[in-house]
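Following: one structure in C-alpha cells, then a few remarks.
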C-alpha cells in the first residue's frame, strides 16, 4: 500500500500535543464529556499490558488534578450512542479507579485502519508498547490492511529494517515471546535467537545470567558455527567493543577452539571502506 495516507501519524501527534506538524489531523467532530460506561476499548488497540503501579499513580493524579487531556474516541458502529476509544485507554482505566463518572473526549471521524494507525502511533510516540505489542500492531497493518513494510515504516517514521526486525520477533517460540512481553528479555537480546532451534534454552540462560545483547550475539554466533559453545570470552567481547569504538563500525571477532579465528569489519559504503583501508595501511 503506498500513497494512501497524508501523514496521519504526524497530524494526530498535533492532536495529542506532541508537536505542531504541517499535516492536518483527522477530522474532529466535536469535543465534550461522556459517561465512562458509554466507552469501550479499541478492538484495534495493540497494547495489551498496563502496569498496575502506573495505573494507580495515574488514578491518584486524576483524583487530584482531573483529566487534563481528553481521550480520543470515535462513534461505535455497533452500538448507537456509544463510543470506541481510539487513544487514551490508560486514562480511561485510571479514571474508573479514581471514581469518575464522566470523562472529557474528543470525537474523531476515523475508519478502522485509521483507528489502528492512531493507536499504534500514539503508543509508540510515548514508548508505551512492549516489542511484542508493537510487532503485533505492525502485523495487523500488514495482514488486515495490506500495508507493506515500506508503508509501515513511513507511517511510523521508523526505518524499514526496524519494522522487519520487529515483525521477526513473532517467529520466536511462544515462551520466548512471553519473556519479551514480560520485559525479562529485551528485543536486542531476543533478536539473535530468531531461527535457532534451541532459542528457548538460550533465552533462559540469557535471563538467568543477565547477558548483554552484545554477549547474546556472540554466544549465538558461536553456537551456529564451529566455535566455542560453552563459554563466552569476556576479553574478546571487550576487545571487539574497543575496536568498534575506535572505528565507529560493526566488528565481529570469531574465536575457534584452537584460539585461531578472524576479525570481520563491516562497512556500508566506499567512504567507510577507505577509512578501514587507510587505517590498516597507515605506517
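Please treat every number below as a calculation from the coordinates, not as lab data. Note that the coordinates shown come from a computational prediction; the quantities given were computed from them, not determined experimentally. Positions of Cβ are backbone-derived with ideal geometry, glycine not excepted, and every protein chain shown enters the neighbour counts.
Overview of results
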item: Over region 233-283: Kirkwood hydrodynamic radius from C-alpha pairwise inverse distances, Å; result: 11.9 Å
item: Residue exposure sequence - 271, 109 - by fewest surrounding Cβ within 10 Å; result: 271, 109
item: Which of 90, 41 has the fewest Cβ neighbours within 10 Å, and the rest in rising order; result: 41, 90
item: Exposure proxy ranking, count of Cβ atoms within 10 Å, fewest first, for 236, 202; result: 236, 202
